[in-house]
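First the structure, in the form of structure tokens, and then the observations on it.
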Amino acid sequence: MYRIRVYGDPVLRKQAQPITEIDASLRTLVDQMFQTMWQAEGVGLAAPQIGRSIALTVIDPRPLQKDTEPLVILNPRIVEERGACGFEEGCLSVPEIKQDVIRSEFVVVEGMDLEGKTLRIETGDLLARILQHEIDHLNGTLFIDRLATVQRQMVQAQLDAIEKRQRVQTRIKANAKTRGQDGV
Ligand SMILES: [Zn+2]
């Protein structure tokens, strides 16, 4: 199980690197990402959210939409999109904040599966929204970046609090590491 990185962690702002090799360690990573996502009761998780800046996301819309199945997609990109609709989103990396986000209604996404085969997904369902949210993560974008100014103002204090908490936790970890090296 991985620790989920939260708002303020620089890894969430990096451009994820494309995956060129599928090996056993990648498969293990995918399994662990599913476990982490299920434990956190999320419907999607991108690798940067667990501190790995690579273009990989796992998705499982079943808690919100029954007739779906888990999906792993490597190097996903949007090749077509149309329409626009609003829907309330949250993010495991931005705890406790939920806001309506306008996104394309239909998307065509291309990428690769874990066997290295080309994946092409055309959807106007909840999956379209999740895919856009996760692909944003791979580009260093968070859903709060897509809020209207007034929405952003409403959540800014919460965001500042999350970021501050994140900094304190990082400092505690760094101190613990230093002590460990000193053998104390
Ligand atoms: Zn997210």
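Only the coordinates and a few stated rules stand behind these numbers; no lab work does. Please read these numbers as outputs of a predicted model, since none were measured by experiment. All Cβ positions, glycine included, derive from the backbone under ideal geometry; neighbour counts span all protein chains shown.
At a glance:
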{"read-out": "The lone exception for Q151 - which of (1) assigned to a helix (DSSP H, G or I); (2) surrounded by fewer than 18 Cβ atoms within 10 Å (Cβ to Cβ); (3) within 16 Å of the ligand (Cβ to nearest atom) it fails", "value": "(3)"}
{"read-out": "Test: D67 is assigned to a loop (DSSP other than H, G, I, E, B) and of a type outside the set (S, T, N, Q)", "value": "yes"}
{"read-out": "Residue in the stretch 73-87 that is surrounded by 13 or more Cβ atoms within 10 Å (Cβ to Cβ), aromatic (F, W, Y) and touching a helix residue (DSSP H, G or I) at 6+ places or on another chain (Cβ under 7 Å) present", "value": "yes"}
{"read-out": "Any hit, the stretch 93-109, residues being assigned to a strand (DSSP E or B) and without any contact (Cβ under 8 Å) to a residue 12 or more places away in the chain", "value": "yes"}
{"read-out": "Among the residues listed as A40, A55, A24, A46, the single one being without any contact (Cβ under 8 Å) to a residue 40 or more places away in the chain and among the small types (G, A, S)", "value": "A24"}
{"read-out": "Residue in the stretch 123-137 that is free of Cβ contacts under 8 Å to residues at least 12 places away in the same chain, under 25 Å from L26 (Cα atoms) and not in a strand (DSSP E or B) present", "value": "yes"}
{"read-out": "Members of the stretch 110-137 that are in contact with a strand residue (DSSP E or B) (Cβ under 6 Å, 6 or more places away or on another chain), within 16 Å of the ligand (Cβ to nearest atom) and of a type in the set (A, V, I, L, M)", "value": "A128, I130, L131, I135"}
{"read-out": "Filter result (surrounded by 18 or more Cβ atoms within 10 Å (Cβ to Cβ) and either more than 16 Å from the ligand (Cβ to nearest atom) or part of a helix (DSSP H, G or I) (or both)) within the stretch 31-53", "value": "M33, T36, M37, A47, P48, Q49, I50"}
{"read-out": "Close pairs (7 angstrom Cβ cut-off, 6 or more residues apart or separate chains): more than 16 Å from R103 (Cβ to Cβ) in the stretch 64-89, part of a loop (DSSP other than H, G, I, E, B) and of a type in the set (V, I, T) anywhere", "value": "L74/I19; N75/I19"}
